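Written out below as structure tokens is the structure these notes cover.
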Amino acid sequence: MKETRYTFGDTITANERLKRIAAFFNPLAASFIREHVHTTITSVADLGCGPGYTTDMLAHATNARYVTGLDISENFLDAARQNFTAYTFIYHDVRDTNLPVKTDLVYFRFLLSHLKNIRQLVEDWTASLNPSGYIVIDELEDIYTDNKFFKDYLSVSDGLIKSQGADLYIGKKLNEELDGLNIFKNVSSLLPVKDSQAAEWFYPNTISVWKDEPWVKDRLCPSEINCISQYLLKTSINKTEKSSITWRMKKMIIRARDTKN
């Protein structure tokens, strides 16, 4: 299997970035799970768990006794094991659909946007569930903004991920990609985000991933990268309530085929 990697890195900077993103999205994900998953959940798996912030959310949202995070980054796994000692974290490439654990619920967020062969992956993960199990999907459909610097940043991120054969906005394709599966819940939601918060999420990539990524350096000169980066830094420091950017998220729940509920 060809080596894979997380587009936005697994450094300390990436860890802090994911922590900030989790602080915003985790409460929304937990609420969605509690609202729509009504059976007793004993075991859960967090695919692409990173440094464990989504794993911790999943544990509290389901009250599962057995909680496992899976990732290919040893850096992230080490951080997760240090921060969340009550859970099990395992090195595993999620493209190997023979998951090392069999659980009642599998969760992932912003994972399919870095992968290919989406239909086959989701089908195989669903087949790995315990009877009456759930797969909970949390993926990006789109980001709307009229802010030039945000648009420039997103254009680069979208292009970079596309260059690796994946799709930043995979959520908008999931209705078609997963048609015919046992979809239990399928919703889209708009989430306005403060400019300062969005800039906090974006800025770290411009000073870490972008400076070492050939695809970016082939398309932006250092002054262009610096211009975007400095705007994002200044905006992240300016803690205003202004919001000129909105996420559209796709949330899906798929049930195991043999479910009786």
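The values are calculated or read from the model by the stated rules, or taken from the named source; none is laboratory data. As the structure is a computational prediction, the values presented were derived from the model and not from experiment. Every residue, glycine among them, receives a Cβ derived from its backbone with ideal geometry; neighbour counts consider all protein chains shown.
In the range 83-94, the count of residues that are surrounded by fewer than 18 Cβ atoms within 10 Å (Cβ to Cβ), part of a helix (DSSP H, G or I) and free of Cβ contacts under 8 Å to residues at least 24 places away in the same chain is zero.
Criterion applied to Lys234, Lys173 was being under 19 Å from Leu115 (Cα atoms) and of a type in the set (D, E, K, R), and the one residue passing it is Lys173. Out of all the residues in the range 157-169, is one or more within 30 Å of Asn98 (Cβ to Cβ) and among the hydroxyl-bearing types (Ser, Thr, Tyr)? Yes: the range 157-169 contains one or more residues that are within 30 Å of Asn98 (Cβ to Cβ) and among the hydroxyl-bearing types (Ser, Thr, Tyr).
Would you say Lys162 is touching a Gly at 6+ places or on another chain (Cβ under 7 Å) and exposed (fewer than 15 other Cβ atoms within 10 Å of the Cβ)? No.
For Val122, state whether it is crowded, with 18+ Cβ neighbours inside 10 Å and in contact (Cβ under 8 Å) with a residue 60 or more places away in the chain. So Val122 passes the test. Scan the range 127-147 residue by residue and report those that are out of contact with any strand residue (DSSP E or B) (no Cβ under 6 Å at 6 or more places or on another chain), closer than 10 Å to Leu105 by Cα and of a type in the set (A, V, I, L, M, F, W, C). Once the filter is applied, which keeps residues that are out of contact with any strand residue (DSSP E or B) (no Cβ under 6 Å at 6 or more places or on another chain), closer than 10 Å to Leu105 by Cα and of a type in the set (A, V, I, L, M, F, W, C), the range 127-147 yields only Leu129. Among the candidates Thr39, Thr55, Thr13, the residue that is under 16 Å from Val136 (Cα atoms), within 17 Å of the chain's Cα centre (by Cα) and not acidic (Asp, Glu) is uniquely Thr55.
What are the residues in the range 204-226 that are among the hydrophobic types (A, V, I, L, M, F, W, C), assigned to a helix (DSSP H, G or I) and touching a Phe, Trp or Tyr at 6+ places or on another chain (Cβ under 8 Å), if any?
Val209, Val216, Ile225
Restricting the range 131-147 to residues that are modelled with pLDDT of 95 or more and either of a type in the set (A, V, I, L, M) or in a loop (DSSP other than H, G, I, E, B) (or both), which is surrounded by the fewest Cβ atoms within 10 Å (Cβ to Cβ)? Out of the qualifying residues, it is Asp146.
Just a yes or no: is a residue in the range 174-183 under 30 Å from Thr39 (Cβ atoms), of a type outside the set (Gly, Ala, Ser) and touching a Leu at 6+ places or on another chain (Cβ under 6 Å)? No; the residues of the range 174-183 include none that is under 30 Å from Thr39 (Cβ atoms), of a type outside the set (Gly, Ala, Ser) and touching a Leu at 6+ places or on another chain (Cβ under 6 Å).
I'd like the residue in the range 184-200 that is hydrophobic (A, V, I, L, M, F, W, C) and in contact with a Leu (Cβ under 9 Å, 6 or more places away or on another chain) and, out of all such residues, is nearest to Lys251 (Cα to Cα).
So in the range 184-200, the residues hydrophobic (A, V, I, L, M, F, W, C) come out as 184, 187, 190-191, 193, 198-199.
Right, trim to in contact with a Leu (Cβ under 9 Å, 6 or more places away or on another chain) and you get 191, 198-199.
Values: Leu191: 12, Ala198: 20, Ala199: 24 Å.
Restricting to residues being hydrophobic (A, V, I, L, M, F, W, C) and in contact with a Leu (Cβ under 9 Å, 6 or more places away or on another chain), the top hit is Leu191.
Consider the range 216-261 and keep the residues that are among the hydroxyl-bearing types (Ser, Thr, Tyr) and surrounded by 14 or more Cβ atoms within 10 Å (Cβ to Cβ). The one that is farthest from Thr206 (Cα to Cα) is Thr259. Checked against the criterion of being closer than 19 Å to Phe25 by Cβ, of a type in the set (Phe, Trp, Tyr) and part of a helix (DSSP H, G or I), the candidates Phe76, Phe108 yield just one match: Phe76. The sole residue among Val44, Val67 that is under 14 Å from Ile135 (Cα atoms) and either out of contact with any strand residue (DSSP E or B) (no Cβ under 7 Å at 6 or more places or on another chain) or assigned to a strand (DSSP E or B) (or both) is Val44. If the condition is being assigned to a helix (DSSP H, G or I), out of contact with any strand residue (DSSP E or B) (no Cβ under 8 Å at 6 or more places or on another chain), within 20 Å of Ser244 (Cβ to Cβ) and of a type outside the set (A, V, I, L, M, F, W, C), then the range 148-203 contributes Lys148, Asp152, Tyr153, Ser155, Ser157, Asp158, Ser196, Gln197, Glu200, Tyr203.
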